[in-house]
Amino acid sequence: MTEETARMAPAGVSRPDKGAPEERVQPREKWANNTEFILSMAGEIIGLGNVWRFPYLCYKNGGGVFFIPYFVFLFFCGIPVFFLETALGQYTSESGVTAWRKICPMFEGLGIASGVIVAYLNIYYIVVLAWAIFYLYNSFKRPLPWSTCDNEWNTDLCHSRSSFFANPHLFQPGSNWSFLNNISALDYYENVTYTNEGDHFSLGRSPEEEFWMYRVLRLSNEMSLSKVNWDLALCLLIAWIICYFCIFKGIKSTGKVVYFTATFPYLMLFILFIRGVTLPGAGDGLKYYLTPDFDKISDPNVWLDAGTQVFFSYAVCQGVLTSLASYNKYNNNCYRDCLALCCLNSATSIFAGFAVFSVLGFMAHDMGLSMSEVVSSGPGLIFIAYPRALSLLPGSSFWAVLFFFMILFLGLDSQFVCVESLATTITDMFPRQLRRRGGREILVLVIAVVCFLLGLPFLTEGGITLFQLIDTYGPSGISLLFIACVECIAISWVYGADRFCDNIKDMIGYAPFPVLKYCWLFITPLICGLTLLYDLAQSRHFEVYGYVLSNWASLGTVLIITPLMCIPAFILITMYKNPNNMTTPSSDLRQAKPHKPILTLCKHVIFKAQVPPNRHVEENNEKMMMEEPSMV
């Protein structure tokens with residue numbers, strides 16, 4: 001196509017990059033089939049949060065009552081934003097930044113803000129995989145190193161306890177318990193009491209806790225960020241090598257890897273569930289998990305927890321959904337896929353609760369403790385509570401290997417899909433430089449090396465402080481709620497909810513559920529806005545192992561502000577550079593009904609059509625439609 005021909009091309013026809021030899025710029029890839037897309041999306045949204053966060057929140061916030069606010073947020077906030085971002089990516093065939101640039105140039109900052117949050121995730125999330133690899137390696141040892149107190153890292157406060165279930169002979173009358181750190185069974189029960197404060201024994205610590213604190217984290221009074229634990233650094237390197245080779249070829253490799261990484265954790269979770277519900281005390285654990293406490297329903301903190309859990313779990317406002325959907329064919333039924341994925345994600349969270357609480361119920365039963373004394377969340381659940389429960393089982397090494405394999409693969413596909421999203425975003429921003437032979441491999445390698453180096457401080461004596469800081473303030477509820485509000489406003493009130501619904505109908509062959517339009521217009525921004533205001537009104541302090549670190553909390557504020565400031569910054573930049581086309585979508589985008597108003601309410605036109613009817617546009621739209629095979 002010559003330069004003059006390109007100028008004469010009607011609106012909607014893609015123009016080649018100027019000055020770029022067309023044969024050297026590789027075309028944008030597509031998923032080989034719909035299954036690859038669904039598994040990649042499932043791998044991203046179904047991760048560690050389903051196992052270490054959702055079950056605990058259910059227990060903490062009233063058991064079965066927590067499902068009420070959870071599903072309210074899911075139906076009126078989670079699903080609408082999830083579908084909005086997925087449909088946006090499929091419609092524009094662009095990732096986060098360039099998708100917003102095409103559909104509404106003034107909101108390009110939304111894509112940048114999401115990219116910053118993904119960068120946070122790429123740096124710190126993989127540290128969990130390094131811990132999981134370290135535990136997996138130690139799971140092959142007998143006895144499990146975190147189940148005894150005779151290791152070099154143990155202190156005088158360490159007190160272990162044998163399981164009644166695994167060692168019934170020790171609990172017969174006249175049994176000698178003096179081998180347990182030179183104390184008798186009577187001394188053990190009289191002098192060692194368990195408290196929930198800090199998840200440790202008031203006069204001692206469990207060996208699982210000491211393994212986590214002094215072998216893995218290497219905690220010390222200095223809390224230095226300069227002394228790297230090189231055995232964990234090796235585990236981090238292994239995690240990055242695995243991640244790199246999963247995605248370095250783009251979706252050609254990603255689409256194949258997810259067949260295993262997205263399905264294998266379900267097999268492990270099912271096996272652990274079957275084992276858990278057959279243990280004594282499992283019923284008590286499930287009772288604590290699901291028993292409703294209706295007094296909690298009026299607590300606004302329960303609703304805040306439900307909202308943040310939905311946004312964390314569904315990976316919205318991170319640009320990842322948009323990037324993955326951008327590889328779909330134009331006529332893929334993304335509406336059906338989104339509903340199926342949302343059902344799968346929530347069902348997995350609920351099912352994971354059964355697997356977790358059945359085992360924790362067994363541990364409480366076996367150790368003679370209450371459920372409140374054994375339940376924990378986050379890393380404490382995965383690396384202290386659950387390993388402690390598994391160490392009480394016969395064949396504990398086998399169950400530990402299964403568990404940490406599950407944790408590894410749950411986190412792995414979420415991690416490499418995040419890296420894939422970041423690489424896709426950067427590639428779409430600089431296609432002439434990066435969409436060439438070998439460009440993709442080099443870009444992913446650079447991302448892996450940079451993120452690996454930035455991840456090393458997390459493996460120091462004070463690394464857990466950094467980890468919890470970014471986990472708390474990086475992809476924070478404040479950031480995600482604000483981005484969700486702006487996304488809904490940008491699509492519904494600026495681009496036009498009716499026009500976006502027409503685009504979706506053009507892609508999938510039928511109009512989506514009408515309530516979605518009003519969610520984007522009113523309900524989702526209202527709920528997210530009120531939740532955001534309540535979250536901002538809460539007093540905040542940053543605490544690690546009982547110590548309040550006020551100086552670190554100020555750094556957390558910087559982590560929150562950094563992505564959010566991109567949104568107004570790019571609005572001002574667009575206003576300066578191109579004030580006449582701040583809300584005009586790209587001519588490359590197919591508009592099936594350009595003559596229709598972009599927004600109507602109660603049959604009243606709110607905003608008229610931006611693009612007048614044009615015979616050339618309609619002819620070009622027909623041509624674009626013929627280029628994509630129908631999948632409806």
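In what order do Y576, Y70 fall by count of nearby beta-carbon atoms within 10 Å, going from fewest to most?
Y576, Y70
Ordering 267-276, 237-246, 309-318, 326-335 by mean Cβ neighbour count within 10 Å, with the highest value first, yields 309-318, 326-335, 237-246, 267-276.
Note: relative contact order over region 315-465, using C-alpha pairs below 8 Å and six or more positions apart, is 19 percent.
What is the fewest-to-most order of F71, F404, F134 by other Cβ atoms lying within 10 Å of their Cβ? The fewest-first ordering by Cβ neighbours comes to F71, F134, F404.
Distance between the 7 Å Cα→Cβ label points at I271 and D231: 2.5 nm.
Across the cross-link table entries K227/K256; K505/K608; K256/K517; K249/K329; K227/K249, which are compared at the Cα atoms, the separations over 31 Å belong to K227/K256; K256/K517; K227/K249.
Based on the Cβ-Cβ distance of F513 and I297, what FRET efficiency does E = 1/(1 + (r/R0)^6) give at R0 = 25 Å, to the nearest 0.05?
On the way: r = 27 Å, r/R0 = 1.07.
Once the sixth-power term is evaluated, E becomes 0.40.
Think of region 413-547 as having a plus end and a minus end, set by charges on the Cβ of Lys, Arg, Asp and Glu; of F522, L443, L481, L443 sits farthest toward the positive end of this dipole.
Residues whose amide H comes within less than 5 Å of that of T460, counting only those at least five positions distant or on another chain, are N229 (H built at 1.01 Å from N in the peptide plane). What does the charge count near E152 come to, summing +1 for each Lys or Arg and -1 for each Asp or Glu among other residues with Cβ under 15 Å from its Cβ? Value of the local net charge: -1.
Taking a Cβ cut-off of under 12 Å around R499, the surrounding Lys, Arg, Asp and Glu residues balance to a net charge of +3, with basic ones at +1 and acidic ones at -1.
Ranked by Cβ crowding within 10 angstrom, fewest neighbours first, how are S93, S391 ordered? Present the calculation step by step, with values, prior to reporting the outcome.
Details: S93 21, S391 25.
The order, fewest Cβ neighbours first, is S93, S391.
Taking all pairs of different Cα atoms in region 353-457, averaging 1/r and flipping that mean, what Kirkwood radius in angstroms comes out?
Details: mean 1/r = 0.0590 Å⁻¹.
One over the average 1/r among Cα pairs gives 16.9 Å for region 353-457.
Any read-out appearing in this document is the output of simple, stated calculations on the displayed coordinates, not a laboratory observation. Model, not experiment: these values are computed from the prediction. A quick note on method: Cβ atoms are made from the backbone with ideal geometry, for glycine too, and the neighbour counts reach across all protein chains shown.
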